[in-house]
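A short worksheet on the structure shown next.
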Amino acid sequence: MKRAIFPGSFDPLTKGHLDIIERSVPLFDEMIVAVVDNPDKSAMFNPEERCRMIAEVLVETDTNDCTMAVESFSGLLVDYARAREASAIVRGIRAVSDYDYEVRMALMNKRLEPDIETVFLMAAEEYSYVSSRLLKQVFTLGGRVEGLVPELVEERMKKKWAEIQATKE
């Protein structure tokens, strides 16, 4: 069985992330969308909320008979991948700046665990500029993010932002 890990903060899940999932699932029997729990980052959603949202969105996504799971983890990605018996780590690349970082990470992961390959997929052109950080910034400043995130995610962002604003009053 070919199992892959698609790691990320997914705060929030974007249509760029979904595009990478949809294009990579034909390559694997099983894919785990692994939500990184990084307490050093200021997140809009906690890991459990992100996992729940992703799972709900994936129900509506064509996964080509690939078994899907959504989990959160902390620590080294390669340790998590080894523990989950994954043969590959899937990463999306948007620009040259991503490539430089991702290649260094892939080489370090390869050094730590030679049996796990990193599979790179280029971002679809229409999502090549989209990042979760940029989306949150635009959204919190009142900009529109429709079409860049799944509808369910946009609804949850609006609800969460209203909760955040209510606590400031």
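Every number in this text was worked out from the coordinates using simple rules, so none of it is lab data. Here the structure is a predicted model, which is why all the values come from computation and not from measurement. FYI the Cβ positions are ideal-geometry reconstructions off the backbone, even for glycines, and counts take in every protein chain you see.
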Worksheet item: What number goes with the only condition from (1) farther than 15 Å from Met44 by Cβ; (2) basic (Lys, Arg); (3) surrounded by fewer than 16 Cβ atoms within 10 Å (Cβ to Cβ) that Lys158 does not pass?
Response: (1)
Worksheet item: Counting residues that are within 15 Å of Ala4 (Cα to Cα), which helices (runs of 4 or more DSSP H) fully inside the stretch 64-155 reach at least 2?
Response: 77-83, 96-112
Fill in: Residues of the stretch 46-63 satisfying the condition of being closer than 26 Å to Lys160 by Cα and assigned to a loop (DSSP other than H, G, I, E, B)
Asn46, Glu60, Thr61
Worksheet item: Can you name every residue in the stretch 23-45 that is in contact (Cβ under 8 Å) with a residue 40 or more places away in the chain, within 18 Å of Glu85 (Cβ to Cβ) and not in a helix (DSSP H, G or I)?
Response: Phe28, Met31, Ile32, Ala34
Discussion item. Given the criteria in contact with a strand residue (DSSP E or B) (Cβ under 8 Å, 6 or more places away or on another chain), more than 27 Å from Val153 (Cα to Cα), of a type outside the set (Ser, Thr, Tyr) and free of Cβ contacts under 8 Å to residues at least 24 places away in the same chain, does Ala83 qualify?
Written reply: no
Worksheet item: Which residues, counting only those in the stretch 9-38, are in contact with a Pro (Cβ under 7 Å, 6 or more places away or on another chain) and among the charged types (D, E, K, R)?
Response: Lys15, Asp37
Discussion item. Residue under question is Arg3, and the condition is that it be surrounded by 16 or more Cβ atoms within 10 Å (Cβ to Cβ), charged (D, E, K, R) and closer than 22 Å to Glu155 by Cα; does it hold?
Written reply: no
Worksheet item: Which of the following residues is more than 13 Å from the chain's Cα centre (by Cα) and closer than 16 Å to Ala123 by Cα: Val25, Val59?
Response: Val25
